[in-house]
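Scroll down for the structure; my scribbles are underneath it.
The values are calculated or read from the model by the stated rules, or taken from the named source; none is laboratory data. Nothing here was measured: the structure is a model prediction, and the numbers come from that model. Counting neighbours? That spans all protein chains shown, and the Cβs are built from the backbone with ideal geometry, glycine included.
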Amino acid sequence: MTVTPPKKTGTLLKIRLGIIFLLLSGIIVYLSFLFSFALLYALIPLFALYLFISFFYIPRFISSTSVYVSSEGVTVTYGVFIKTEHILPVLRLVFTETTVTPLSRAFGVCSVSFSGVKAKVKTPEILIADAMKITKYIENEKAKGYER
């Protein structure tokens, strides 16, 4: 079973990035009134960084992310500049945990954490239905593995 993040995840990440950008901009504007208006020039690279992350990095990150679940294990692949692949065997998984924030619940997505003996991998937000399928599948595979 292969699961990829929906487009909603990109929108959610852009909203979070926008909130951070607005907070940083507000701090810079406030500090510029206290010290020097030259600090307002810091908004230019900050806005450029916002545009780069929002329109280049986030879409590529979402398209590069996948979660593959099989009877052998869970494979989480992600990365834009540096590709990373985490493989956790099903029988070594201690537990899975789903995390839902109020904002992600509004978008119908959640993230899943897979905790092994010495490793922990967290996926970006995927659909809640897909997360439930993954956790049920892993529970069934672990039960089959204990019966063997």
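Here are the numbers for this structure:
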{"read-out": "Residue ID - surrounded by the most Cβ atoms within 10 Å (Cβ to Cβ), chosen from residues in the range 94-137 that are more than 20 Å from the chain's Cα centre (by Cα) and either among the β-branched types (Val, Ile, Thr) or in a helix (DSSP H, G or I) (or both)", "value": "TYR137"}
{"read-out": "Test for ILE62: is it loosely packed, with under 13 Cβ neighbours inside 10 Å, at pLDDT below 95 and not basic (Lys, Arg)", "value": "no"}
{"read-out": "Hits in the range 117-131 (condition: without any contact (Cβ under 8 Å) to a residue 24 or more places away in the chain and over 17 Å from THR9 (Cα atoms))", "value": "LYS118, LYS120"}
{"read-out": "Number of positions in the range 111-133 that are under 23 Å from GLY79 (Cβ atoms) and either among the small types (Gly, Ala, Ser) or modelled with pLDDT of 95 or more (or both)", "value": "6"}
{"read-out": "In the range 72-107, the residues that are aromatic (Phe, Trp, Tyr) and at pLDDT 90 or above", "value": "TYR78, PHE81, PHE107"}
{"read-out": "Subset of the range 19-34 [under 12 Å from LEU46 (Cβ atoms) and not aliphatic (A, V, I, L, M)]", "value": "PHE21, SER25, GLY26"}
